[in-house]
Amino acid sequence: MKPSFFHIENFSCGYPGFKLSGINLSLEKGSFSGIIGPNGSGKTTLFRGITSSIATLEGRIFLKGKDLQLFSLKERARKMAIVTQFTDTDQISVEDYVLMGRMPYHHRFQFFESKNDVEKAHKYMQLTDVFKHKDKLMTELSGGEQQRAAIARALTQEPELLLLDEPTSHLDITHQVRILDLLHRLNQEMGLTVLMVIHDLNLASEYCDQLVLFNEGRLFTQGTPEEVLTFDTIEKVYKTPVITRTNPYSNKPVIFLVSEKMMKQGGENR
Amino acid sequence: MHECKNIKEILIAQGKYIKWMLGLLFMLGLLLAAVALGLSVGELNLSPGSVLRMLLFGGDDGSMEYLLISRIRLPRVVLGVAVGGSLSLAGVILQGIYRNPLVEPFTLGISGGASLGVAFTIVMGLHLSLGSFMLPLSGFIGAFVIIFLVYTISSRRGAINIQNMLLTGVMISFIASSAMMFLMATTSSDNLHGIVFWIMGSLDEPNTGLINLTLIVSLVVLVISYLFVQPLNALRLGEEKALHLGFNTNVVIRVLFILASLLAGICVSVSGVIGFVGLIIPHVLRLLFGSDYRFLLGGSFLLGGIFLVLSDVVARTIISPNELPIGVITGIIGGLVFLLLMSQKRKGK
């Protein structure tokens with residue numbers, strides 16, 4: 001078997017009290033994948049494991065056939081960028097924030113950004129449409145703009161693999177779609193491999209080629225949206241009654257929720 | 001080299017670099033002016049020109065003026081630059097690793113430990129039996145015992161929990177100050193006077209070797225801290241993001257913590273507790289120039305030196321021939337300037 005672009009093998013990581021175990025996962029170069037699962041199922045923990053924020057307990061991760069542990073931290077940051085959920089940062093301008101993405105390319109005694117660094121930062125700020133805010137402070141931006149600036153920062157790292165932790169949380173539908181369209185475009189045009197944690201099953205279905213479903217610290221199932229988002233699987237993992245249909249426009253699966261109120265009415269009618 | 005060729009374009013493209021350089025140059029000029037003032041002003045006022053002539057060309061002519069300048073004022077001004085620079089550098093580094101602009105070297109119990117060490121020495125009379133060098137030495141030991149405790153209590157399984165460390169420091173500092181109050185309550189009033197005098201802090205240090213050591217350590221740490229300026233900047237985004245940008249945050253935080261502690265420990269053992277400098281100076285610079293550590297490290301050192309030298313001038317002239325504790329001046333002037341800046345910033349918005 002040809003070694004895939006990004007490969008997680010029998011991986012286990014965690015904290016005291018919560019552990020992810022036996023994770024096997026492969027991503028092809030240029031794929032667009034989503035990690036889904038209920039709250040507390042281990043999606044973010046996997047991310048923290050991949051990025052070494054928490055210690056690996058077992059197993060290995062390969063990037064382009066090479067064990068991730070063998071990369072230096074800087075090398076890793078040049079291959080793989082992470083957009084975490086935005087938290088308060090220091091008072092920092094958008095431009096300076098995005099420029100920090102060039103740090104993995106700086107050598108130890110380089111105190112100033114090169115012209116190339118500035119050009120790259122500007123290019124990706126334009127691509128993500130935050131260039132017009134470059135002199136504002138990060139804290140002055142709206143949630144969607146902050147998310148786009150964070151993506152611009154990750155892109156200036158010029159990674160081959162982009163990891164995103166819930167890039168659409170706290171955003172309205174307009175901004176959700178804008179962010180995901182942007183990611184899709186990056187995936188198509190730049191060949192960027194994207195792996196994101198995403199809560200919204202319908203967005204996951206619409207945008208991702210491949211879905212990975214987590215449940216209680218284990219990988220429950222993976223496959224195309226059609227394979228993963230079935231009535232049985234969702235009911236088993238999320239323990240919530242749903243109806244699955246097909247989006248008439250994209251032919252992707254769509255999940256409808258069924259409220260308790262409707263369940264009762266449905267029961268009476270029957 | 002490729003970078004050198006582009007440096008001009010970078011400077012033009014990045015206005016902030018020019019602003020930083022002008023800021024640093026301006027402060028360097030100000031520091032020289034402050035030093036000149038510190039050398040000239042006192043009970044006996046001399047013109048800065050004659051001071052300069054004496055130091056550069058005069059040599060030892062045995063005059064009273066020469067002795068006054070070289071033996072009394074020069075060491076004091078040098079110590080002012082070194083201590084002021086060190087305290088604000090330590091402050092800015094600690095604020096960087098804790099990501100909290102309200103941390104200063106003495107928040108972490110360093111001053112408490114040093115004071116306790118000195119109080120213990122005075123109460124036991126060790127400075128009388130073993131020599132006066134015991135005072136700075138015991139201060140230094142006290143500071144480092146506390147740092148060691150804070151460090152070991154808050155690191156677990158090879159990783160440091162930075163928030164734990166802050167709380168631990170504050171708690172240990174409370175314990176140390178209670179222990180010191182116990183010593184003060186039970187000792188004679190002579191010793192009490194000695195302890196209080198030391199706690200109030202002063203740049204009056206007779207041992208020139210100690211002064212030179214302080215200056216050298218402060219400059220060396222300044223240079224070393226610049227090797228960590230990139231990770232320090234990355235830490236502005238948080239520990240996890242700094243790791244994602246390729247920095248080993250665990251090592252960086254440890255090294256910087258030890259450097260800052262070393263600076264604060266030496267300062268407190270040479271000059272006693274001079275509070276507020278480490279808090280106010282970085283804060284003023286953040287307000288004026290932003291939070292990029294490439295500027296803040298050097299800027300804090302310079303402005304800290306300026307501030308302490310000028311404060312010392314005020315402290316020893318305002319009620320001449322008596323002298324005020326320098327901590328009184330740093331607290332009052334620093335606080336007022338800070339409030340002024342804050343209110344102007346708000347008006348500007």
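Computed values, structure above
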{"item": "Difference of contour (0.36 nm per residue) and Cα-Cα distance, A:D135 to A:F18", "result": "37.9 nm"}
{"item": "Set of the range B:220-240 residues, backbone N closer than 17 Å to the point 7 Å along the Cα-Cβ line of B:N161", "result": "B:239-240"}
{"item": "Sites A:R245 and A:E9 - FRET efficiency at Förster radius 41 Å, r taken between beta-carbons, to 0.05", "result": "0.65"}
{"item": "Order of B:S86, B:S70, B:S269 - criterion: other Cβ atoms within 10 Å of each residue's Cβ, fewest first", "result": "B:S70, B:S269, B:S86"}
{"item": "Estimated distance in nm for a label pair at B:F174 and B:L340, the labels positioned 7 Å out from Cα along Cα-to-Cβ", "result": "3.6 nm"}
{"item": "Efficiency of FRET from Cβ geometry, B:V255 and B:T187, R₀ 30 Å, rounded to 0.05", "result": "0.15"}
{"item": "Estimated 222 nm signal from helices in chain A, with DSSP H stretches of n ≥ 4 weighted -39500 (n - 2.57), rounded to 500", "result": "-10000 deg cm²/dmol"}
{"item": "Convex hull of the range B:159-274 built on C-alpha atoms - directionally averaged projected area, nm²", "result": "9.0 nm²"}
{"item": "Viscosity 1.567 mPa s, temperature 4 °C, Stokes-Einstein D of the range B:20-348 from Kirkwood C-alpha radius, µm²/s", "result": "63 µm²/s"}
{"item": "Cα pair distances in the range A:134-177, grouped into 10 Å bins until the bin that holds the longest one, percent each", "result": "25, 51, 24, 0"}
{"item": "Paramagnetic label zone (point 7 Å from Cα along Cα-to-C-beta, B:V223; backbone N under 18 Å) in the range B:265-297", "result": "B:297"}
{"item": "Cut-off under 5 Å, modelled amide H: who pairs with A:N215 long-range", "result": "A:F220"}
{"item": "Whole-number percent relative contact order across the range B:70-185, with pairs defined as alpha carbons under 8 Å at least 6 apart", "result": "29 percent"}
{"item": "Label-point gap, in nm, between A:K66 and B:I72 - each point 7 angstrom along Cα→Cβ", "result": "6.7 nm"}
{"item": "Value of [θ]222 nm, deg cm²/dmol, for chain B, DSSP H segments ≥ 4, -39500 (n - 2.57) each, nearest 500", "result": "-25000 deg cm²/dmol"}
{"item": "Global form of the range B:52-120, assessed from the alpha-carbon gyration tensor, a/c cut-off 1.5", "result": "oblate"}
{"item": "Label-to-label distance, nm, for residues given as B:L102 and A:N116 (7 Å Cα→Cβ offset)", "result": "4.4 nm"}
{"item": "Full-stretch length increase - B:L288, B:N212 - with 0.36 nm per residue and alpha-carbon distance subtracted", "result": "24.2 nm"}
{"item": "³J(HN,Hα) computed for each position of the range A:109-125 - Karplus, 6.51 cos²θ - 1.76 cosθ + 1.60, integer Hz, glycine/proline x", "result": "9, 8, 8, 10, 6, 7, 4, 4, 4, 5, 5, 4, 4, 5, 4, 6, 5"}
{"item": "Aspartates and glutamates whose Cα lies under 15 Å from that of A:K252, excluding same-chain neighbours fewer than 8 positions away", "result": "A:D200, A:E206, A:D209, A:E226, A:E227"}
{"item": "Hypothetical label at B:L25: residues of the range B:297-320 whose amide nitrogen lies under 14 Å (7 Å Cα-Cβ projection)", "result": "none"}
{"item": "A:T224/A:V177 FRET efficiency (R0 30 Å; Cβ-Cβ; nearest 0.05)", "result": "0.90"}
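Every read-out reported here was derived from the displayed coordinates using simple, explicitly stated rules and does not represent laboratory data. The structure presented is a predicted model; accordingly, all values stated were derived computationally and were not measured. As a convention, Cβ positions derive from the backbone with ideal geometry for all residues, glycine included, and neighbour counts pool all protein chains shown.
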